[in-house]
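Engineer: Have a look at this one.
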Amino acid sequence: MSLKVHNSLTRKKETFVPLTPGYVGMYVCGPTVSGESHLGHARPYITFDFISRYLRHQGYKVRYVRNITDAGHFEEEGREAEDKITKKALLEKIEPMELVQKYTNLFHWAMKEFNNIEPNIEPTATGHIVEQVNMIEKIIAAGYAYVANGSVYFDVKKYALTHDYGKLSGRVIEDLLETTRILEGQEEKRDKADFALWKAAPPQHIMRWRSPWGEGFPGWHIECSAMATKYLGAEFDIHGGGMDLMFPHHESEIAQSTVCNNSTPAKYWLHNNMITIGGKKMGKSYNNQIKLTEMFSGDHPLLTQAFSPMTIRFFILQTHYRSTLDFSSEALVAAEKGLKRLWEAYEFLKKLDSKNAVPASTNLLDEELDKKILNLLNELEAFMNDDFNTAKVLANLFEIVPVINSIKDGLIKVDSIPATTIELMKTSFRIYLEEILGLKNTTENTETFNGVMELLIDIRKEAKGKKDFATSDKIRKQLAGLGINLKDEKTGDISWSS
RNA sequence: GGUCCUGUGGCCGAGUGGCUAGGCAGAGCUCUGCAAAAGCUUCUACAUCGGUUCGAAUCCGGUCAGGACCUCCA
C-alpha cells in the first residue's frame, strides 16, 4: 500500500515517490515573528508535524526545514517600503531583533506545548541575506529581474512568456497583468504583477543590509527560495504551507527558483486549509484571531474556558487537513471530552495484561469481535496513506473504545480476545496516537503525588468497605474541589483523573 | 469583476454511486450507597430544483447560500 498525497500543483492525489529513495526533503513556510501566533497558525505546524511523523514512521529519513521570517516583508507591497518588524519594534520601543527574539521564543514555546517535533533545520531570513542576494543576482543575470531606485523586481511578464506563472494557484497571467487595482508607489514596477526581490530601505528604516543595489532588505518570497535551495537542493520532495500562501508567495517561489535553478523546486505542494470562525477565516483581515496564549488561558470573550494544547491538537486532527475547520468554544469542548474518553481508554489498554489470558480455549474466543478489531486496526495505515486522513484514524480508534471499556468493566472477558490481538491493539494505539498523531498525556504526575493518591484511594476503599460513606464522600468531594475526579469502577477499583 | 472551493442531523465533522463514519450534545435502559464514569439502545442528515442510473449525499446542469484567493495573511 503506497502513500498518496494531494498535490496542489496538479490538483490530484498522486502516489508519493521521493526523489531519492528512502529520503524526504520537506520545506514548510514558518511564522513571521512580528507578533504572537494565533489559533490559525497552529494548523500548518500541527499538520506538517503529523505528516513528518508519518513519513518517518514509513521509514523515510526526513529532513524537515521550517524557516523563521524575521526580516519582515512589506506591510503592503508597493506602498511605502514598510517593514512589519521595524514598525512593531518602534511601537514596542525595542530593538527589532529583540522583538524577533521575543516572538520566536513564544512560538517555540507554543510548538513544544503542541508536542510538535522540532524541524531539523530552522533557518532565519536574517541569517541568509547573502544567499538571498546571490539568488537575486542570478535572477538579474538571467534577465528576469530589473533594478529600480535601489530596489529589485521580478519581471513576471517576461517570465510568463516562457513559463507558466500561475500553474500552482490557477492564476491567469492576463488577468494579473490587467488588474485594475491601483496602489501608490507602484511606479517603480514595470507591471503590477511584478513582485519585489529586494527593497531599498528609506533612511528611517532600522533593519537594513548592504547589497549591490544599495542598503535595503529582501522581499518576502526570496527567503524561502534561498533557504529551501540551500538546505534541500534545487529540487526537493515536499513544500508545505497554508492555502493562503499559494498566491502570491508560493507561485513566486516557483518562478524565482525556476529561473535560478532551472527546475521546479518542489515535486509535491501540500496546503492545509484555514481555521474559520463563524465561517470566516481567522486572520488579520477580519481581526478575529484568538492568540494561542489566550486559547491556553481561556482569557478571551469567545472562550467559555481554557483549552489545553492537546485539545487543540486533537480538534485539528479530527478534521482532514485540506478541509476548513470552524472554530467555536462548543466544538473545542466536544473535542476535549472526546479526547479524554479516548485517552482514558488508552491508559487502561496500556496496563491491560494479556499475557495471563488463556489463548488456547477457542470456545471462549469471540471470533467476530476479534475480526472486527483487527479490521479496524488494519485500516489505520490505509487511512493515513490516503492523503493523511487523521479523521478516519481517530474514528476507528474510537470504535475500539467501547471494547476496551467493556473489558475494563468486565463485560468482555480478556480471554475472549486473542492475546495477539490485545497486543496489536496496544501497539497500534501507541503508534497512531502517540508516534504519528503526536498526542500525549497532558498531566505528568510525580511519583510522590501518585503515592499520595494511592493512599487516599486506599483510605476511601476501607471507608467504603465499612460503609462509612461520610468519609468516602469527603475524600471524593474534596479531591473534586481540586479538580481530581474519583471513579468507582465496576471491578471495585477506584480510578482517578485530573 | 476574475479564478477556485464548499453547502451533511442541535454543534464539529468523515464520506465521491449501493454497505452504521466518528466525536460532542439529547432520550431511554443497565450497572450503582450516592456521584461520576462506563455499557447497551435510540431520535434529529445529506441546501434546492431538474437530469443521468436498476440505484446518488456521492456524477451532470440550473438556482440559492457561504467562503478562499486576486493586497499582508498559516
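The values are calculated or read from the model by the stated rules, or taken from the named source; none is laboratory data. This one's a predicted model, so the numbers in the text were calculated from it and none came from an experiment. Backbone-built Cβ (ideal geometry, glycine too); neighbour counts: all protein chains shown.
Engineer: Those residues that are of a type in the set (S, T, N, Q) and either within 14 Å of RNA strand B (Cβ to nearest atom) or closer than 20 Å to residue A:322 by Cβ (or both), I need them from the range A:8-54; list them, please. Let's see the steps before the verdict.
Structural biologist: Within the range A:8-54, the subset of a type in the set (S, T, N, Q) is A:8, A:10, A:15, A:20, A:32, A:34, A:37, A:47, A:52.
Across the range A:8-54, the qualifying residues are A:8, A:10, A:15, A:32, A:34, A:37, A:47, A:52.
Engineer: In the range A:227-251, what residues are buried (at least 17 other Cβ atoms within 10 Å of the Cβ), outside any helix (DSSP H, G or I) and of a type in the set (A, V, I, L, M)?
Structural biologist: Within the range A:227-251, just A:238 meets the criteria.
Engineer: What do you reckon, is residue A:442 in contact (Cβ under 8 Å) with a residue 24 or more places away in the chain and exposed (fewer than 12 other Cβ atoms within 10 Å of the Cβ)?
Structural biologist: On the way: in contact (Cβ under 8 Å) with a residue 24 or more places away in the chain: yes; exposed (fewer than 12 other Cβ atoms within 10 Å of the Cβ): no.
So residue A:442 does not fit the description; no.
Engineer: At least 3 residues that are under 27 Å from residue A:312 (Cβ atoms) and out of contact with any strand residue (DSSP E or B) (no Cβ under 7 Å at 6 or more places or on another chain) in each: list the helices (runs of 4 or more DSSP H) lying fully within the range A:400-498 that qualify. Write out each step before concluding.
Structural biologist: Numbers: elements: A:419-429, A:447-465, A:469-481.
The qualifying helices (runs of 4 or more DSSP H) are A:419-429.
Engineer: Same structure again: What do you reckon, is residue A:429 under 26 Å from the mean Cα position of the chain (by Cα), among the aromatic types (Phe, Trp, Tyr) and more than 9 Å from RNA strand B (Cβ to nearest atom)? Before you say what the answer is, go through the steps one by one.
Structural biologist: On the way: under 26 Å from the mean Cα position of the chain (by Cα): yes; among the aromatic types (Phe, Trp, Tyr): yes; more than 9 Å from RNA strand B (Cβ to nearest atom): yes.
When the stated conditions are applied, residue A:429 passes them.
Engineer: Please go through the range A:204-220 and pick out each residue that is at pLDDT 95 or above and surrounded by 20 or more Cβ atoms within 10 Å (Cβ to Cβ).
Structural biologist: Passing the criteria: A:211, A:213.
Engineer: Quick check: anything in the range A:418-425 in contact with a Ser or Thr (Cβ under 6 Å, 6 or more places away or on another chain), small (Gly, Ala, Ser) and more than 9 Å from RNA strand B (Cβ to nearest atom)?
Structural biologist: Yes: the range A:418-425 contains one or more residues that are in contact with a Ser or Thr (Cβ under 6 Å, 6 or more places away or on another chain), small (Gly, Ala, Ser) and more than 9 Å from RNA strand B (Cβ to nearest atom).
Engineer: Which count do you get for residues in the range A:185-230 that are among the hydroxyl-bearing types (Ser, Thr, Tyr) and touching a Phe, Trp or Tyr at 6+ places or on another chain (Cβ under 7 Å)? Show your work before the answer.
Structural biologist: Our first condition is that a residue be among the hydroxyl-bearing types (Ser, Thr, Tyr); within the range A:185-230, this holds for A:211, A:225, A:229.
Imposing the further condition that a residue be touching a Phe, Trp or Tyr at 6+ places or on another chain (Cβ under 7 Å) reduces the set to A:211.
Qualifying residue count for the region: 1.
Engineer: Please find, among A:120, A:115, the residue that is in the same structural domain as residue A:265 (by TED's automatic domain parsing), modelled with pLDDT of 95 or more, buried (at least 17 other Cβ atoms within 10 Å of the Cβ) and under 30 Å from residue A:312 (Cβ atoms). Before the answer, list the steps.
Structural biologist: Numbers: A:120 fails: buried (at least 17 other Cβ atoms within 10 Å of the Cβ).
After ruling out the rest, the residue left standing is A:115.
Engineer: I need a count of the residues in the range A:325-343 that are in contact with a strand residue (DSSP E or B) (Cβ under 8 Å, 6 or more places away or on another chain) and more than 6 Å from RNA strand B (Cβ to nearest atom). Outline the logic, then answer.
Structural biologist: Looking only at the range A:325-343, we keep the residues that are in contact with a strand residue (DSSP E or B) (Cβ under 8 Å, 6 or more places away or on another chain), and these are A:325-328, A:340.
Add one more test, that the residue is more than 6 Å from RNA strand B (Cβ to nearest atom), and what stays is A:327, A:340.
Residues meeting the conditions: 2.
Engineer: What pairs come out if I take residues in the range A:320-339 that are under 14 Å from residue A:274 (Cα atoms) and pair them with residues that are of a type in the set (A, V, I, L, M, F, W, C) and within 6 Å of RNA strand B (Cβ to nearest atom) whose C-beta lies under 7 Å away, six or more apart or interchain?
Structural biologist: What qualifies is A:320/A:391; A:324/A:274; A:325/A:275; A:327/A:275; A:327/A:282.
Engineer: Among the residues of the range A:307-316, write down those that are more than 8 Å from RNA strand B (Cβ to nearest atom) and either within 18 Å of residue A:281 (Cα to Cα) or at pLDDT below 95 (or both). I'd like the intermediate steps shown before the answer.
Structural biologist: Residues of the range A:307-316 more than 8 Å from RNA strand B (Cβ to nearest atom): A:307-314, A:316.
A:312, A:316 - these are the residues of the range A:307-316 that are more than 8 Å from RNA strand B (Cβ to nearest atom) and either within 18 Å of residue A:281 (Cα to Cα) or at pLDDT below 95 (or both).
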